[in-house]
Amino acid sequence: MFKDKKLLSILGLSFISFFSTIWIRKADLMESRNFITAREIVFNNEWLVTTLNGQYRFEKPPLPTWFTAVVMKISNNFSDEWILRLPVALVSVLLIFFIYRFVQELSNNKNLPFLVSFVATTTFMITKVGGENAWDAYPYIFMFGSITYLLKSINSKSFLNLLFASVLLAASLLSKGPVAIYGMFLPFIISYIWIYKFKKIQENHRQIILYVLIGLILASIWPIAMILENKELFFSVMNKEKNTWTSKHVKSFFFYFNYFYFMGIWIFFSIITFFKKWNLKNSEDNKFFKFGILWSILTFLLLSFIKMKKERYGFPIYVVSSIPIGVILNYYLNSDWNLLKKSDKILFYMQATLITVLSIGSIGLIFWKKSNFYYLTIPFFILLVYLFKDRLIDKKNFKKKV
């Protein structure tokens, strides 16, 4: 890991991206519930049976709250929101690590792991949710890591990787139940089988079954303990939570079409990715690109079928969409400018102009007291300094690349 300079570089950028936004917003209702429950864990020294204002807290699995409680106990700080958001920022950096390793497993292109991770690090909604210590980021981040190490275990036949994948699966389930299985794992499996064929899954079916069993066993410890604690209340809460998915925050099937807006600086690439037929020349890049597109579409559709919708519930769409956008970015940065089609050049100019203008304009956003817009500033600075410094404005490469 420490010999991989690109990985170290992207992790450094992700630290800037996530840790620079944890002080911005006031805690909303969900964050406040997490903080109160974590505080009661520490005050009561009761880690297994969680409570909210003295009442059983069975509505949400406890892992994110446990992380928050650990930070409270270590720091002896129970009120500063930026300190209480340290766990989600750290886990968000971990997401970038998982993305980097995931791309390495499915692509031999040495540039793609960095570029796909780079897109994720500078995507508006990922940065925003990664700075809010509610439950929404945790299940999908752990699930992405679980998928990554499942692939690594299949490719390497390593039981250690398989065990780690199972632990991450359990962590996902203990963060928000089975939402990430439906919203990330299911579309991944379908996309992987469709693009990379069923043979590899079939050859490793015992390994995959073992992975699922270990994960489920580990994840079942807490709910079983809560059933033993108060069976009637636990099942009553579970039934109520099940009903909320069809009765609360009901939105149109097309609600997540604002996805493009929340891609932030990558809005042009995110739109054109789905509507333009790309000729990437490298067959492996084409396959990986198609996989990323299919995974993104299926994730979008599955989440859209659920009646209950919030903007942050679309988090996995942004994570997965970093894959095809990263491939397109790699296409531009490694193509001879003179050989590009006119339409490709126009798209590149639109995307590059947006990044440049907003990167410069982000200086003004710092002094504009609108917290939501500040989430844009850090990614813009990162892009302006890092992405453009060598590849887009370097005079030696200007004629070749731009």
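Name the aspartates and glutamates eligible as straight-distance cross-link partners of K73: C-alpha to C-alpha under 14 Å, and not fewer than 8 places from it in the same chain.
Output for K73: E40, E46.
What's log10 of I(q)/I(0) for segment 114-228 at q = 0.22 Å⁻¹, Debye sum over Cα points only, no solvent?
The Debye formula, applied to the Cα set alone, gives -1.27.
To one decimal place, what orientation-averaged projected area in nm² is obtained for the convex hull of the Cα set of segment 259-336?
If you wrap the Cα atoms of segment 259-336 in a convex hull and average its projections, you get 5.3 nm².
Tell me the Rg and the Dmax, in Å, that the Cα atoms of the chain produce.
Spelled out, the Cα radius of gyration and Dmax of the chain are 21.6, 71 Å.
Among M238, M125, which comes first, then next, by fewest other beta-carbon atoms within 10 Å?
Result, fewest neighbours first: M238, M125.
Please list, or write none, the aspartates and glutamates whose alpha carbon is within less than 16 Å of the alpha carbon of K128, excluding same-chain residues fewer than 8 places away.
Cross-link targets: D28, E31, E81, D136, E311.
Quick check on my link table: of K242/K309; K60/K231; K6/K276; K277/K310; K110/K152, which ones sit more than 20 Å apart, alpha carbon to alpha carbon?
Beyond 20 Å between Cα atoms: K6/K276; K277/K310.
Relative contact order for the chain: what percent, with Cα pairs under 8 Å and sequence separation of 6 or more?
19
Tell me, in nm to one decimal, what length is gained between S32 and N230 on full extension, where the rule is 0.36 nm per residue of separation less the Cα-Cα distance?
Answer, rounded to one decimal: 68.8 nm.
What number results when the radius of gyration of segment 1-93, computed over Cα atoms, is divided by 2.2 N^0.38 Å?
Taking the Cα Rg and dividing by 2.2 N^0.38 Å, one obtains 1.24.
Give me log10 I(q)/I(0) at q = 0.16, 0.17, 0.31 Å⁻¹ for segment 146-201, Debye formula, one equal scatterer per alpha-carbon, no solvent.
Taking Cα atoms of segment 146-201 as identical point scatterers yields -0.51, -0.58, -1.14.
Evaluate the Kirkwood expression for the hydrodynamic radius of segment 32-86, namely the inverse of the mean inverse distance over all pairs of different C-alpha atoms, and round to one decimal in Å.
It is 10.8 Å.
Go through segment 179-189 residue by residue and turn each phi into a ³J(HN,Hα) via Karplus (6.51, -1.76, 1.60, θ = phi - 60°); whole Hz please, and just put x for glycine and proline.
Ordered by residue, 3J(HN,Hα) equals 4, 6, 5, 6, x, 9, 5, 4, x, 5, 4 Hz.
Note down the relative contact order for segment 156-217 as a percent, whole number, built from C-alpha pairs under 8 angstrom at least six residues apart.
59
Calculated from DSSP H runs of 4 or more alone, at -39500 (n - 2.57) each and per residue, what is the 222 nm mean residue ellipticity of the chain, nearest 500?
Calculated mean residue ellipticity at 222 nm is -22000 deg cm²/dmol.
For segment 204-287, which semi-axes, largest first and in whole Å, follow from the square roots of 5 times the eigenvalues of its Cα gyration tensor?
Ellipsoid half-lengths, sorted descending, are 41, 26, 10 Å.
So how do F288, F159 line up by other beta-carbon neighbours within 10 Å, fewest first?
By the 10 Å Cβ count, ascending, the order reads F159, F288.
Counting other beta carbons within 10 Å of each residue's own, what order do V212, V357 fall into, fewest first?
The order, fewest Cβ neighbours first, is V357, V212.
Since every read-out is calculated from the coordinates, none of them should be taken as a lab result. Being a predicted model, the structure only gives us computed values, none of them experimental. We place every Cβ from the backbone using ideal geometry, glycine too, and count neighbours over all the protein chains shown.
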